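Enquirer: Handing you a structure now.
The values are calculated or read from the model by the stated rules, or taken from the named source; none is laboratory data. What you see is a predicted model, and the numbers here were worked out from it, not measured in a lab. For neighbour counting, all protein chains shown are included, and Cβ atoms are generated from backbone atoms with ideal geometry for every residue, glycine included. Quick note on the areas: whole protein, heavy atoms, side chains included, nothing else; ligands and nucleic acids left out. Shrake-Rupley method; radii C 1.70, N 1.55, O 1.52, S 1.80 Å.
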Amino acid sequence: MPLANPPPAGILDAMASGVPGARFAPALKHFFFSSQREPDVRAGQAWSSLAGLYLVALLALFAGPFNIVHDLRAGHAFLALMTLTFCLMALAAVIVFWSTRSLQAAQGMLAGAIAVLLIAVIVDGGGVRGFGFIYFIAAFPILQTALGIKGAIALTGLMVVGSIARLVFGVVEPGSIYHDADTVRRYIVLVLTAAGFGIPSMLIQHRLMQRLARAAYVDPTTGLANRTRLMEAARAMLSEAQRSDRSLGFIALKLKRFTQFNSRNGMAMGDAVLGEVARRIVSMAPEGALICRYSGTVFMVVGELGAPGEIERLAGRLTAEASRPFEQGIMRVALQMEAVVTRYPEDGHNLEKILSNILSTLAKPHRGPELVRYFNEASYREDQRRYALVDRLRRALENNEFRLVYHPKYWLKDERCAGAEVLLRWETEDFGAVAPADFIPLAEETGVIREISRWVLIQAHREVALIKEKFPDLFKSLVFAINLSPLDIADKRILDYLSELERGSGIDRANIEFEITEGTLMEDEPAAVEVLESLREHGYRLAIDDFGTGYSSLSYLHRLRVNTIKIDRSFVMQIDGSDNELPIVQAIISMASSLGLELVAEGVETKAQSDYLAEHNCQFAQGWLYSKPLPLEDYLQLLSSRCG
């Protein structure tokens, strides 16, 4: 049976810290304190009961031999024999626990050992001097810890009734403290007082422990184990599975669209629904499985759930049962549940990895019809890389990891220099060169794109100013295109920012062109359109990138007075030198000519593509046929050698 009652994390770790062999603390903790899950043993109480068990065993081991010898010398052979029996049974209780990991079995054995010793002490009148009864009264606090509430009360009652009956109706040794009737009366008052306070104290302490355990380990809404309980129990289950070479299954069940339901119907209704879902999961889960509410809408079922096919079928039954409509008050509730399945050891060797598998899979958007998904390692690694990139991206500006490159643009008719597109590059020590297609979407998702765009604008104005300084005459005919993100064009302050950069750099606005994607234009955001109109009114050039991949409204081209449209490279790649007609390319060229727009073909890589575009009156081109994107120094050299 899987182990599921480990001690609170850190007890043995703290005990072992700073001493030789501290690295073995987890193994020691498992060996001494991990017990199997039992219905009458609450989480968090097992370790204290085990601590009491070990304490009694240590007392038996060290104090027992001394008492046995002392009793034999005093002629109390029966008491010595019973003390020996107690010592052997106490040690056997520890061995029983180590063998079975059953705390209840060990407690039963220990209760028998203490009962044997107690009966012997009663029969013998408290021992040579009668102190045996006092020892048991002093041990009242330990009894509950070691035996649990039932065993502690039973032995306390036996102690009270047995010792009083023995002293009142029996004969004691001449040297016993109870030989005096007055002392017996005092003892009776003492033991009744101790029991009168002790038993209620045990009950109160037991009830308090139950409340604390429930608060610490039970979810109040559903009555299931909570995340803390899962973490402790699952770690013990994984440890035992590793030792016994068994596999475990983990099924995570998530309610879909529950937030919207909760907001519409209130938290009371939401809690009632969660309670009903929990009851259904419990009714369908296999016996012995650990069931918990991991978070707001995520439940987990953990245990030896069978082969992969069996786990998948179980997950399917759980989702079907939890998704089945039910009546809640006057409302008919129908919520859908999805499941994620992962397994130990196939998908991970520790709890952190297993949970990471589950949460990363749940976090991925899922629009397919399947309600049960398996963890996918390749997808997980890609997600982990994305998270690492986001973390690194936030520090990229501080670490000066960005740089600009220039992709030259040429006139098609005579291949004169016409400027360049300013592109951003990111290179890190950890990931090497990261493609813009990978990090730009991440920057937009996280909002880092604003800081990056500001850096690009500042650096581009500095570098373009240097180009103007080196080639003042040529510069008048060059246009440098800078990409703006949707967040940039939604920021009404960008025009003020650009005006400051212009004053500091001395660059004419006619030499700067801002590119936005056709997809951005399609979003039809009023604030963005207002910013674009302001940019155009203040003399900046506008270009539509990736034209032809969306459904731009021609009215926007006219309203924004766009200067340039760029034919997406996917259309340029279709030009292969054959006589096949290319209606989309021809239509874009014809439209641009009719509207008086400049036209740039992206991704030109062959002479056939260049010739076709020139023949059909496309004005500009950029691509690897002419040049790859160049660092500033190489671009300056190109301007000097080819365009100067």
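Enquirer: For the Cα atoms of the chain, what angle does the longest principal axis make with the long axis of helix 351-363, in degrees from 0 to 90, nearest 10?
Expert: 40 degrees
Enquirer: Applying the Karplus parametrisation 6.51 cos²θ - 1.76 cosθ + 1.60 with θ = phi - 60° to the phi angles of the stretch 619-625, what ³J(HN,Hα) value in whole Hz is obtained for each residue in order, glycine and proline being reported as x?
Expert: Residue by residue, the stretch 619-625 yields 7, 10, 8, 9, x, 6, 4 Hz.
Enquirer: Relative to the longest principal axis of the chain, what angle (0 to 90°, nearest 10) does the C-alpha long axis of helix 449-470 take?
Expert: On a 0 to 90 degree scale, this one is about 30.
Enquirer: Post the alpha-carbon centroid distance, the stretch 276-296 to the stretch 304-357, in whole angstrom.
Expert: Cα centres, the stretch 276-296 to the stretch 304-357: 9 Å.
Enquirer: Next question, about the same structure. Taking the Cα atoms of the stretch 41-116 alone, what are Rg (to one decimal) and Dmax (as a whole number) in Å?
Expert: That works out to 13.6, 46 Å for Rg and Dmax.
Enquirer: At 4 °C and a viscosity of 1.567 mPa s, what translational diffusion coefficient does Stokes-Einstein give for the stretch 579-641, taking Rh as the Kirkwood radius over Cα pairs? Give it in µm²/s as a whole number. Can you show the working numbers first?
Expert: Working: Rh = 13.2 Å.
So the translational diffusion coefficient is about 98 µm²/s.
Enquirer: What span do the alpha-carbon atoms of the stretch 340-444 cover on each of the three principal axes, reported in whole Å from largest to smallest?
Expert: Projected onto its principal axes, the Cα set of the stretch 340-444 covers 64, 36, 21 Å.
Enquirer: Right, something else. Quick check: Cα centre of the stretch 377-413 to Cα centre of the stretch 225-270, how many Å?
Expert: 36 Å
Enquirer: Tell me the relative contact order for the stretch 91-238 as a rounded percent, counting alpha carbon contacts under 8 Å between residues six or more apart.
Expert: Numbers: 104 pairs, mean separation 28.0, N = 148.
Computed over the stretch 91-238, the figure is 19 percent.
Enquirer: While we're here: Roughly how tilted is helix 140-169, in degrees to the nearest 10 and between 0 and 90, from the longest Cα axis of the chain?
Expert: That works out to roughly 10 degrees.
Enquirer: Which order do the peptides 247-256, 234-243 take when ranked by the mean count of other beta-carbon atoms within 10 Å per residue, highest first? Don't jump to the answer; show the numbers that get you there.
Expert: Values: 247-256: 22.6, 234-243: 19.8.
Result, highest mean first: 247-256, 234-243.
Enquirer: Amide H of C618: which non-local residues (sequence gap of 5 or more, or other chain) have their own amide H closer than 5 Å, using H built in the peptide plane?
Expert: Here nothing satisfies the definition.
Enquirer: Take the alpha-carbon positions of the stretch 561-606, form their convex hull, and give its projected area averaged over all directions (one quarter of the hull surface) in nm². List each step's numbers first, then the result.
Expert: Working: hull surface 13.1 nm².
Value for the stretch 561-606: 3.3 nm².
Enquirer: Got a sec to turn the phi values of the stretch 112-125 into Karplus ³J(HN,Hα) couplings, 6.51 cos²θ - 1.76 cosθ + 1.60 with θ = phi - 60°, whole Hz, x for Gly and Pro?
Expert: x, 5, 5, 4, 4, 5, 5, 4, 5, 5, 5, 4, 8, x
Enquirer: While we're on this one: How much area per residue is accessible in the chain when the probe is 1.4 Å and only protein heavy atoms are counted (Å²)?
Expert: Values: 31310 Å² over 644 residues.
Accessible area per residue: 49 Å².
Enquirer: In what sequence, highest mean first, do 403-416, 527-540 appear when ranked by Cβ atoms within 10 angstrom?
Expert: Working: 403-416: 17.9, 527-540: 16.3.
Packing order, densest peptide first, comes out as 403-416, 527-540.
Enquirer: Spelling out what I want: for every residue of the stretch 270-279, take phi, set θ = phi - 60°, compute 6.51 cos²θ - 1.76 cosθ + 1.60 (Karplus), and round to whole Hz; glycine and proline get x.
Expert: x, 5, 5, 5, 4, x, 5, 4, 4, 4
Enquirer: Now a separate question. For a distance above 15 Å, tell me the whole-number percent of Cα pairs in the stretch 425-495 that qualify.
Expert: Details: 1606 of 2485 pairs.
Across the stretch 425-495, Cα pairs with separations above 15 Å total 65 percent.
Enquirer: Divide, for the chain, the radius of gyration over alpha carbons by 2.2 N^0.38 Å, where N is the residue count. Provide the component values of the computation, followed by the final result.
Expert: Values: Rg = 40.0 Å, N = 644, 2.2 N^0.38 = 25.7 Å.
My calculation over the Cα atoms of the chain gives 1.56.
Enquirer: Count the DSSP beta bridges whose two residues both fall in the chain, then state the antiparallel fraction as a percent rounded to the nearest 5.
Expert: Values: 39 of 66 bridges.
Antiparallel bridges make up about 60 percent of those DSSP assigns within the chain.
Enquirer: Can I ask one more? Relative contact order (percent) for the stretch 236-358, with alpha-carbon contacts under 8 angstrom and 6 or more residues of separation? Show your work: numbers first, answer last.
Expert: Values: 162 pairs, mean separation 44.3, N = 123.
Taking the mean separation of contacting Cα pairs over the length of the stretch 236-358, I get 36 percent.
Enquirer: Can you give the convex hull volume per residue for the Cα atoms of the stretch 207-284, as a whole number of Å³? It would help to have the intermediate numbers written out before the result.
Expert: Details: hull volume 10.1 nm³, N = 78.
That works out to 129 Å³ per residue.
Enquirer: Now for a separate question. How many percent of the alpha carbon pairs in the stretch 111-268 exceed a separation of 18 Å?
Expert: Working: 8739 of 12403 pairs.
More than 18 Å apart: 70 percent of the Cα pairs in the stretch 111-268.
Enquirer: Now a separate question. Restricting to Cα pairs below 8 Å that are 6+ residues apart, what does the relative contact order work out to for the stretch 172-324? Please round to a whole percent. List each step's numbers first, then the result.
Expert: On the way: 129 pairs, mean separation 36.5, N = 153.
In percent, rounded to a whole number, it is 24.
Enquirer: So, one more: Work out Dmax and Rg for the stretch 281-371 from the C-alpha atoms and quote the Rg first, both in angstrom.
Expert: Considering the stretch 281-371 through its Cα atoms, Rg and Dmax are 14.1, 47 Å.
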